[in-house]
Amino acid sequence: MYGNDFAASGGELLDQVADAERELRAAADRSVRGGSDEETYFTELVAADQKIEPRDWMPDGYRKTLIRQIAQHAHSEIIGMQPEANWLTRAPTLKRKAILLAKVQDEAGHGLYLYAAAETLGVSRDTLYDLLLAGRQKYSSIFNYPTLSWADVGAIGWLVDGAAIVNQVPLCRCSYGPYARAMIRICKEESFHQRQGYEILYTLAHGTPGQKEMAQDAVDRWWYPSLAMFGPPDTDSTHSAQSMAWKIKRFSNDDLRQRFVDMCAQQATVLGLTIPDPDLRWNPDRGAYDYTAPDYAELMEVIRGNGPCNRARMANRRAAHEDGAWVREAAAAYAAKHAAPAAPTAEAVHA
Ligand code: FAQ
């Protein structure tokens, strides 16, 4: 099953990522003979499922779309550290705390891979960061919801990382090489993240009645925001058609949302928790679950900056940036010192 790391074989996600890795290696071994001009060559490379690399010619729109999406993705990773970091000091055991610390640090690493991928398109990390802090670039709506209980850490792992995996496994086959390669590594780590969330929820759901209630409450609150992560419905998606033609996106927002619902419906049964949708049911004619769509008006409000935590998330990010100014200055001074030619030693001067 798509993005499902809990299938009986226990490794379908990793198999898909391994397929993407093989495809990348094969792409590097083959060469495509293009037409006479650069645009034809670009089109043929994309049609042949080859990778576009930083020095290749690419249409301006392709470059801009990639910068927009990769930057939004990178910003999501680092802003996404905040909701879970809220529970680092209150994790129920030392082991849980160590696992959560590792996960939150992974998200910072994902941001780093993605900013580095964006830099190959000719835009600096500083610029992207400034655009985020100025509110001129977006990050995922999901990180504007609060984490009210420890069970929210489980729900984020199961649902938010689960949605991220469903969205991101196809991006391992994105036509732009640096993004595709970053996604392979990220997906392997997201697989661990989803497992840790699932395991937290499973433990709570099989604990005391109070713990089970806490787990159910978290799932109730995170379900629809997680569905909204996939973006507006296909009919309202401004970028999908072009991004799919360029093979940046491989599936539409609604297709991925459906795959996510199908995956979660089965996993919820094993967890012993209920998905808060009375209309969720298997539709044999479609071979998929029918479900209630998220509130897209709410999604748009959150994207516009009016979600429950938008202001707090941005204020924290700006404060962290200002607090870290001295580290950036010290690192720049150190780099400049080591880049300067070494002063001659006394022995060399008198020789
Ligand atoms: N939130 O035309 P479309 C993670 C915007 S996972 C905010 O359909 P597109 C892991 C969209 O940008 C989360 N904005 O757009 C983690 C566009 O606005 P623009 C990050 C949204 O790009 C887990 C407009 O609406 N993952 O971080 C959202 O074709 C746990 C029209 O939409 C990625 O970014 C939204 N939910 O499709 C970390 C994956 N949806 O730019 C920590 C890569 C739409 O024209 C803890 N990105 N918008 O002003 C994508 O796959 C795509 O960009 C979509 C949107 C699917 C998000």
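Listed values, structure above:
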quantity	calculated
Single condition Glu213 does not satisfy, out of (1) more than 9 Å from the ligand (Cβ to nearest atom); (2) open to solvent by 30 Å² or more (accessible area, probe 1.4 Å); (3) touching a residue at least 12 places away in the same chain (Cβ under 8 Å)	(3)
Residues that are within 16 Å of the ligand (Cβ to nearest atom) and either at positive phi or more than 21 Å from the chain's Cα centre (by Cα) (or both), drawn from the stretch 242-273	Ala245, Lys247
Filtered residues of the stretch 264-307 (kept if part of a helix (DSSP H, G or I), open to solvent by less than 30 Å² (accessible area, probe 1.4 Å) and farther than 15 Å from Asp254 by Cβ)	Cys264, Ala265, Gln267, Ala268, Leu271, Val302, Gly305
Filtered residue count, the stretch 176-205, keeping only those that are away from the ligand (no atom under 14 Å from the Cβ) and polar (S, T, N, Q)	1
Flag if Arg318 is closer than 20 Å to Pro170 by Cβ, touching a Leu at 6+ places or on another chain (Cβ under 8 Å) and either open to solvent by 30 Å² or more (accessible area, probe 1.4 Å) or within 14 Å of the ligand (Cβ to nearest atom) (or both)	no
Any hit, the stretch 119-130, residues being open to solvent by less than 40 Å² (accessible area, probe 1.4 Å), within 13 Å of the ligand (Cβ to nearest atom) and part of a helix (DSSP H, G or I)	no
Complete set of residues in the stretch 47-64 that are more than 16 Å from the ligand (Cβ to nearest atom) and either assigned to a loop (DSSP other than H, G, I, E, B) or crowded, with 20+ Cβ neighbours inside 10 Å (or both)	Ala48, Asp49, Gln50, Lys51, Ile52, Glu53, Pro54, Arg55, Asp56, Trp57, Met58, Pro59
Condition check for Arg185: free of Cβ contacts under 8 Å to residues at least 24 places away in the same chain and surrounded by fewer than 23 Cβ atoms within 10 Å (Cβ to Cβ)	no
Residue ID - modelled with the highest pLDDT, chosen from residues in the stretch 24-46 that are under 24 Å from the mean Cα position of the chain (by Cα) and buried (at least 16 other Cβ atoms within 10 Å of the Cβ)	Val46
Search result, residues across the stretch 65-86 that are more than 7 Å from the ligand (Cβ to nearest atom), surrounded by fewer than 23 Cβ atoms within 10 Å (Cβ to Cβ) and under 11 Å from the mean Cα position of the chain (by Cα)	Ile78
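The values are calculated or read from the model by the stated rules, or taken from the named source; none is laboratory data. If you're wondering where the values come from, they're calculated on a predicted model, not measured in any experiment. When we count neighbours, we look across all protein chains shown, and the Cβ atoms used for this are built from the backbone with ideal geometry, even at glycine. When the accessible area is computed, the model is the full protein with side chains, heavy atoms only, and any ligands, DNA or RNA have been set aside. Shrake-Rupley method; radii C 1.70, N 1.55, O 1.52, S 1.80 Å.
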